[in-house]
1. What list of ³J(HN,Hα) couplings, whole Hz, do you get for the range B:164-171 from phi and the Karplus terms 6.51, -1.76, 1.60, once you set θ to phi - 60° and write x for glycine and proline?
2. In the range C:101-194, what trypsin sites (Lys or Arg not before Pro) fall in a loop by DSSP, with at most 12 other Cβ atoms inside 10 Å?
3. Name the chain B residue nearest the rotation axis between B and A, going by Cβ position, and give the distance in whole Å.
4. Under Stokes-Einstein, with the Kirkwood radius over Cα pairs standing in for Rh, what whole-number D in µm²/s applies to the range B:1-152 at 37 °C and 0.692 mPa s?
5. Measure nothing fancy, just the Cα-based angle from helix A:14-30's long axis to the longest principal axis of chain A, in degrees from 0 to 90, nearest 10.
6. Output the 0 to 90 degree angle, nearest 10, between the alpha-carbon long axis of helix A:55-67 and the longest principal axis computed from the alpha carbons of chain A.
7. So, with a 1.4 angstrom probe, what is the percent of accessible area on the protein assembly as shown that is carbon and sulfur?
8. What are the residues of the range C:90-113 that lose 10 Å² or more of accessible area, with a 1.4 Å probe, going from their chain alone to all protein chains?
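The values are calculated or read from the model by the stated rules, or taken from the named source; none is laboratory data. Remember, it's a predicted structure, so these values are computed and weren't measured experimentally. Counting neighbours? That spans all protein chains shown, and the Cβs are built from the backbone with ideal geometry, glycine included. Areas reflect the complete protein model, heavy atoms only, side chains present, ligands, DNA and RNA absent. Shrake-Rupley method; radii C 1.70, N 1.55, O 1.52, S 1.80 Å.
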Amino acid sequence: MARKDLLELASLTREEIDRILEQAVPFKELFTRSVKKVPALKGKSVLMLFYEPSTRTHSSFEVAAKRLSADVTNFDVPHSSVVKGESVRETVETLQAMRTDYIVVRHGRSGLPGMIARQTKASVVNAGDGAHAHPTQGLLDAFTVKEVFPEMSGKRVLIVGDILHSRVARSTSSVLRRLGVEVAYLGPGSLVPKCCPEGVRRFTDYREAMAWGPDVVYLLRVQMERQDVQYFPSLREYHRVYGVTRDRLDELEDKGIWLMHPGPVNRGVELCDEAMDYQRSLINRQVENGIAVRMSVLYSLKPGASGDEEAEGEAEASLE
Amino acid sequence: MARKDLLELASLTREEIDRILEQAVPFKELFTRSVKKVPALKGKSVLMLFYEPSTRTHSSFEVAAKRLSADVTNFDVPHSSVVKGESVRETVETLQAMRTDYIVVRHGRSGLPGMIARQTKASVVNAGDGAHAHPTQGLLDAFTVKEVFPEMSGKRVLIVGDILHSRVARSTSSVLRRLGVEVAYLGPGSLVPKCCPEGVRRFTDYREAMAWGPDVVYLLRVQMERQDVQYFPSLREYHRVYGVTRDRLDELEDKGIWLMHPGPVNRGVELCDEAMDYQRSLINRQVENGIAVRMSVLYSLKPGASGDEEAEGEAEASLE
Amino acid sequence: MARKDLLELASLTREEIDRILEQAVPFKELFTRSVKKVPALKGKSVLMLFYEPSTRTHSSFEVAAKRLSADVTNFDVPHSSVVKGESVRETVETLQAMRTDYIVVRHGRSGLPGMIARQTKASVVNAGDGAHAHPTQGLLDAFTVKEVFPEMSGKRVLIVGDILHSRVARSTSSVLRRLGVEVAYLGPGSLVPKCCPEGVRRFTDYREAMAWGPDVVYLLRVQMERQDVQYFPSLREYHRVYGVTRDRLDELEDKGIWLMHPGPVNRGVELCDEAMDYQRSLINRQVENGIAVRMSVLYSLKPGASGDEEAEGEAEASLE
């Protein structure tokens, strides 16, 4: 694989996805040892460019890079100022001039990491861009499902919440489906796209969705600080209609259904308190797998290789 | 020693304290060399979890960890949001899932580091929790007194200030007394506990306290941002009644008394300007010793070992 | 060379300047390799003490130090609080006690890095102090001009903007002139010192300045957040009178004149949009050279050596 960037999952071949997931296994195995580090990226520099704050994703990438022995530098972005296309372009030229090897970027604008990737020889990893994509989330979710169901084909994952605005929903369902998993969406009618991708079931009623027979229920995070709130009468109501209540937790337990969530959980909204100790919860495993998968992604990319051509056409943003 | 955590000094045996102090000597000696680093924790990760900002303690732990060749990652805590027990628990589960080896935690709530310690296999070091404990401060203070008085037994340390709310007073006097040092408290009546621990003298008058014959005067920092201010008529008045004024500095000098302070000093409050250049001031040596002692602490702990059982009973906080 | 600090360029001998520039060449060559790191400062600690925020200069020094294998620690300065001389002195005593090897300091007050240098055995690098000096900027600019014109003697550099308040103008013109380059200033009458240093031409009219025949036009950044704005009727007017407009860019192209700017550029103020893609722009090269030159500077200094005596006399600030 001579891929320079990871911008979105659609541009990866099935072989590349398989390779990233397989390669993550020995990285995860490393975490059980006393020395959790390999010299794979020794002497390489990773620059963290986060226009949106995210403690968890930031820490996950930082720990992943350090366990590969890379040097990590934060490029402090002035969150206060309005970040215009021009200033991003200038920042990227600066990073390119600094000869950084990898740039991990999160930005509220869809397509922006792709724009950056085309302007630099550094490998660019999209750590979330607007509602567009969050490819390493998709890969770590797939890795987690595969750990539980090594034969993924035909397994059923129900994704619950604001599908419409969720880059997690987009990335995770995209990679799961390519690996043969059946995916369904459940959420308020206004937040589940009317035209789901082919083969994706669409539900607005919890009971009907459960009748579909999911093996995994994947709760999306309610983005309190974003647009989600206006669509729900109240958080309490959301919990009642789409959350995993105590009663529904019992149902999951009875049916042996696994539980996933990208974190951090809004307790009492997506999940009741008791769900935090649910035996089939994969939430903490997703965190651990996130580091292993991100190590695998960084290790797979080749700075200086040719750009991610396929992604270019789809990019929604321009730096000019 | 197979201790996992350092939460408070009471749980350490006398042998453990002696070992930490002895072990800090070669670490301090290291600082006089050109390369101030040893590979002791190479490949280990240290996560800094500071819910209260503290430039000095943070830097001290960070430098200590790096001199042991560990990788240090800051876990940025959103200071703005109200930090509830639930979110701390979730954060800890995340850190546990990340397989970090050491967590250095500061929090305003007493007992919280102990709660964290029980939920993770990582070694937890309490870097200050509310008014409860600041064990590495106690150890570095003991190390500093021991440098000046290798035979500590029977030496006298007078601690001056707001004893009631001070975790420094609590931790430092605890360890000094276990090493045979006689401790007295001096401060406004309302800020010195009526029932001092057995054997601790209690003064409210500076002159009487000096008549006791201290070998070291240890000034606590006035916490301007906390509750202290309301107890004093004014800072100027505090300085006059309990501070080291010019006249009192002359007295210290005449009697050969040493001066300590945990830093940073409020000049003109605890100490007059001239005290900054006092020949028997140990304040800067406390900073240097802090790094050596923290290296010794990190080096002594064993991630994955059994928890700090003794501390459990005393914990005041719950994550639920 | 047994120099401890780099505070300002005036204190460097010609041999020292030549050595720093020569030594930066192999460091820059390193950036073309896969492993961009040398073990030169392995085991040394670099402390970043930035009282003024500066993403670019901070990142540049941080990357430079890491490429020398040094350990880098940020000492978080509370920007909100008023930073008085006393607190700086205490901070420096703390850093000295921590036995840090290098301190990179930026502060709004002229001469403050010099004060710090005298109080610590650490090597102090001035990363910008008020309107006084920014020596590594001067050195990287000289390095950049020398790359284009190996024989610098007799070449002409026109510096445009607010000369009066610019530490860049001061440092860059100082080093260029010592290397035989002819320097001229162009700007509004009120912002170009009436008494330029001997041999420096002074212009207030763009056309006259261009008639002087510069080989390089060096645009200073308009400091919107500082005093500059009040001197100009408007930014639009500034661009029209002193900026590189489209027409002037054509002129630069016709005459083969090179373009420099310390970054970040205010587009539409110092430079028109088209100038960002100008073939003879050296702006990105300045960024890359900045890392190489800063590596060379850190590598040249000797912590613990005698202080920068020459600078002492000129210092404008006092820590008392």
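1. So the J values, rounded to whole Hz, are 4, 9, 9, 6, 5, 4, 5, 5.
2. Working: sites: C:Arg106, C:Arg109, C:Arg118, C:Lys121, C:Lys146, C:Lys155, C:Arg156, C:Arg167, C:Arg170, C:Arg177, C:Arg178, C:Lys194; in loops: C:Arg109, C:Lys121, C:Lys155, C:Lys194.
The qualifying sites are C:Lys194.
3. Its Cβ sits closest to the axis: B:Asn74, 5.
4. 201 µm²/s
5. Between the helix axis and the principal axis of chain A, the angle is about 90 degrees.
6. So the helix axis and the longest Cα principal axis differ by about 50 degrees.
7. Numbers: 17580 of 36900 Å².
The computed percentage sits at 48.
8. In the range C:90-113, residues shielded by partner chains: C:Glu90, C:Glu93, C:Thr94, C:Ala97, C:Met98, C:Arg99, C:Asp101.
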